[in-house]
1. Using only alpha carbon pairs under 8 Å that are at least six residues apart, calculate the relative contact order of region 29-176 and give it in whole percent.
2. I'd like the FRET efficiency for SER149 and LEU72, computed as 1/(1 + (r/R0)^6) with the beta carbon distance as r and R0 of 25 Å, rounded to 0.05.
3. Give the angle, between 0 and 90 degrees and rounded to the nearest 10, that separates the Cα long axis of helix 69-85 from the longest principal axis of the Cα atoms of the chain.
4. Please compute the length gained on full extension between TYR56 and VAL200, using 0.36 nm multiplied by the number of residues separating them and subtracting their Cα-Cα distance.
5. So for region 144-226, averaging the separation of alpha carbon pairs under 8 Å that are six or more residues apart and normalising by length, what relative contact order in percent results?
6. Helix 129-146 sits at what angle to the longest principal axis of the chain, using alpha carbons and giving 0 to 90 degrees rounded to 10?
7. With r defined as the distance between the Cβ atoms of GLN131 and VAL34 and R0 fixed at 35 Å, what FRET efficiency is calculated, to the nearest 0.05?
8. Using Cβ contacts closer than 10 Å as the measure, can you line up LEU204, LEU198 from fewest to most?
Amino acid sequence: MMARTSGSAGMQRAGGIAALYIAVAYLAAIPYFVFMVNYPGVVDPVQKVILLRDNYLSMYWMHVVSFEFVTLGLIVVTLAMYQRLKKFAPSTVQFATVVGLLRSGLLLASVMVFNYGMEAVVRLFATAPDQAASAWQVIEPVAEALGGSGGEILGGVWFLLTSVVALRAKVFPRALNWLGVAIGTAGILSLVPALSGLEVVFGLLQIVWFAWLGTVMLRTRADAIA
């Protein structure tokens, strides 16, 4: 029994560290992509490929640190949440965990498509700029779709289900759980074209949620888990 409790506490600490890493990585990514390279602000296809060429190395490593490693962190957090909540609503938490792991896999696929596609179009741009721009117009939407652009359904469902279970079971602070419910609702509603702006709300609020969750998990005592 003590071994299981110790293992559970260790998983909660791992989840806490992973959650804090996710929050810090997202905080680092926002100023880089929005202000330093201004990727969202470039709409011309040729200019966008030029931006990729001029910032290739930094963008590549920023994607690795802020997205590829983040997906691994999401897997750890998903499993830690499953471990903590499974005894309260086994079927619901099991379904949420599958959704969370699926989301992590798609996010990893998204950044891998982006990075490999970026390398390909940068090479192509040296000899055929127009073809490189056309290629990126195909690659970019695929990467964005895999990453949840167009509706955060998977992330929304995971946040909503885990937060509702935690709220009913009185696990984690009540305000944190309600924040998770709000994030999940925003993610699901972002599927509606007229409410697509909620993707931004989903993205920003989850930074707060991960930072808060990480702090709570790291402070969790083994006897509380038992």
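1. With pairs under 8 Å counted, the relative contact order is 28 percent.
2. 0.75
3. In the chain, helix 69-85 runs at an angle near 20 degrees to the longest axis.
4. Result: 49.3 nm gained on full extension.
5. Across region 144-226, relative contact order equals 31 percent.
6. The answer is roughly 10 degrees.
7. 0.75
8. Taking fewest neighbouring Cβ atoms as first place, the list is LEU204, LEU198.
No lab work stands behind these numbers, since they all come straight from the coordinates. If you're wondering where the values come from, they're calculated on a predicted model, not measured in any experiment. Note that we place each Cβ from the backbone using ideal geometry, even for glycine, and neighbour counts take in every protein chain shown.
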